[in-house]
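Participant: Sending over a structure as structure tokens; questions will come in a sec.
The values are calculated or read from the model by the stated rules, or taken from the named source; none is laboratory data. Computed from a predicted structure; not experimentally measured. With ideal geometry, Cβ positions are generated from the backbone for all residues, glycine too; neighbour counts draw on all protein chains shown. To get the accessible areas, we keep the full protein, side chains included, count just its heavy atoms, and leave off ligands, DNA and RNA. Shrake-Rupley method; radii C 1.70, N 1.55, O 1.52, S 1.80 Å.
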Amino acid sequence: MTAGKARGLGERMVAPFGRRLCRVTRNLRSGGYRIFSAVDPAGPEPSAGQFYMLAAESRWGGDQGRPYLARAFSVADAEPESGGVRLDFLVQAVGPGTARLAALEPGEEMWINGPLGRPFSAPAEVATEAAGAILVGGGIGVAPLAIWRRRLLRAGVPARVLLGFRDRANSGGLDLFDCSEIRLASEDGHTGHRGYVTDLLSVLLEGDDAGSAAVYACGPPAMLEAVRVLCTDRGVGCELAMEAPMACGFGACFGCAIPQSNGGYMRLCVDGPVVRGDEIETALVPGSGH
Ligand SMILES: Cc1cc2nc3c(=O)[nH]c(=O)nc-3n(C[C@H](O)[C@H](O)[C@H](O)COP(=O)(O)OP(=O)(O)OC[C@H]3O[C@@H](n4cnc5c(N)ncnc54)[C@H](O)[C@@H]3O)c2cc1C
Ligand code: FES
């Protein structure tokens, strides 16, 4: 498939073999986070919900040897442009890898491997009667919902957006949404509803038409678990974009294994990161979320 060719919602794109070098084209502040972009010269256009393993070409592995492995990043937007596909990422600096990526300057290079993993599915695939979408994002987890909203919009699928943040420092990424009809929540009350984003979801799901939309969520484990429970209780289909510590990103190390609801384990990098709510017993995955 060539970059730019129209594809169906939720089609999984497979990564070309090996990693490749991309040139960084911009790095902007977005609230307490940063948005950085790079042009992928050889990869396919990713699907919403997929991720890349990223590493800066220089100053990756300093005196202490950290960061060493590439870090997993959800793609926040992707558009074909001259020379390849522009990939946008949203980053919160929480450790050595994310701090280095957040400091990338235009003209620098970065290694990428992707697009990886299972993307979001169209609403009718999540629940047969669902024709619209409710997107629920928390903190840095708003990233994959930005590209998903754009893809849904392009396909003519109505999408309502609910985003929540802990406080001003731990918020950002609204520039990626480019729309005014977002409903916001913040735990410290600096913007929108004072409280959790799941309070807003709970109100929406009280409506008679709740079953006409599928819910898509990405955020900290406690938020994802609250979304999963709310949707299960009300019989609403949902998909969750989850995180687990990932060393390889393509199924080889088993470091990202999480329990499934029907017994056994799934590798979140190949069987996720997007999973249906009924595929897992809990979204409270040890070692995930920050
Ligand atoms: C599929 C996927 C998509 C992701 N998308 C994004 C994104 O779009 N933007 C973004 O900023 N981050 C994203 N992350 C999280 C990011 O990959 C981790 O925060 C990163 O590995 C941290 O690296 P570090 O070297 O900066 O910090 P580390 O030293 O590795 O860790 C710093 C802190 O983050 C915690 N942490 C480490 N790894 C993870 C992890 N995988 N998940 C949650 N917490 C972790 C640690 O417990 C520690 O508290 C994603 C993770 C996954 C698995
Ligand atoms: S990160 Fe290695 S198997 Fe999933």
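Participant: Tally up the residues in segment 164-213 that are in contact with a Phe, Trp or Tyr (Cβ under 8 Å, 6 or more places away or on another chain) and either of a type in the set (D, E, K, R) or open to solvent by 70 Å² or more (accessible area, probe 1.4 Å) (or both), please.
Facilitator: 1
Participant: Counting just the residues of segment 87-124 that are more than 30 Å from ASP167 (Cβ to Cβ) and open to solvent by 50 Å² or more (accessible area, probe 1.4 Å), which one comes out nearest to ligand 2 (Cβ to nearest atom)?
Facilitator: TRP111
Here's the yes/no breakdown for (1) farther than 26 Å from GLY172 by Cα; (2) out of contact with any strand residue (DSSP E or B) (no Cβ under 7 Å at 6 or more places or on another chain); (3) open to solvent by 20 Å² or more (accessible area, probe 1.4 Å):
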{"site": "CYS22", "(1), (2), (3)": "no, no, no"}
{"site": "PRO46", "(1), (2), (3)": "no, no, no"}
{"site": "GLN50", "(1), (2), (3)": "no, no, no"}
{"site": "SER58", "(1), (2), (3)": "yes, yes, yes"}
{"site": "PRO67", "(1), (2), (3)": "no, yes, no"}
{"site": "PHE73", "(1), (2), (3)": "no, no, no"}
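Participant: Every residue in segment 251-275 that is surrounded by fewer than 19 Cβ atoms within 10 Å (Cβ to Cβ) and closer than 18 Å to PRO144 by Cβ, please.
Facilitator: VAL270, ASP271
Participant: List the strands (runs of 3 or more DSSP E) inside segment 46-129, counting only whole elements, that have at least 2 residues being touching a residue at least 40 places away in the same chain (Cβ under 8 Å) and more than 30 Å from LEU152 (Cβ to Cβ).
Facilitator: Counting at least 2 such residues, we get 51-56, 109-116.
Participant: Collect the residues in segment 235-274 that are in contact (Cβ under 8 Å) with a residue 40 or more places away in the chain and of a type in the set (Val, Ile, Thr), keeping them in residue-number order.
Facilitator: Within segment 235-274, VAL236, VAL270, VAL274 meet the criteria.
Participant: Right, next: Can you spot a residue in segment 227-234 that is of a type in the set (S, T, N, Q), open to solvent by 10 Å² or more (accessible area, probe 1.4 Å), touching a residue at least 12 places away in the same chain (Cβ under 8 Å) and within 20 Å of ASN170 (Cβ to Cβ)?
Facilitator: No, segment 227-234 contains no residue that is of a type in the set (S, T, N, Q), open to solvent by 10 Å² or more (accessible area, probe 1.4 Å), touching a residue at least 12 places away in the same chain (Cβ under 8 Å) and within 20 Å of ASN170 (Cβ to Cβ).
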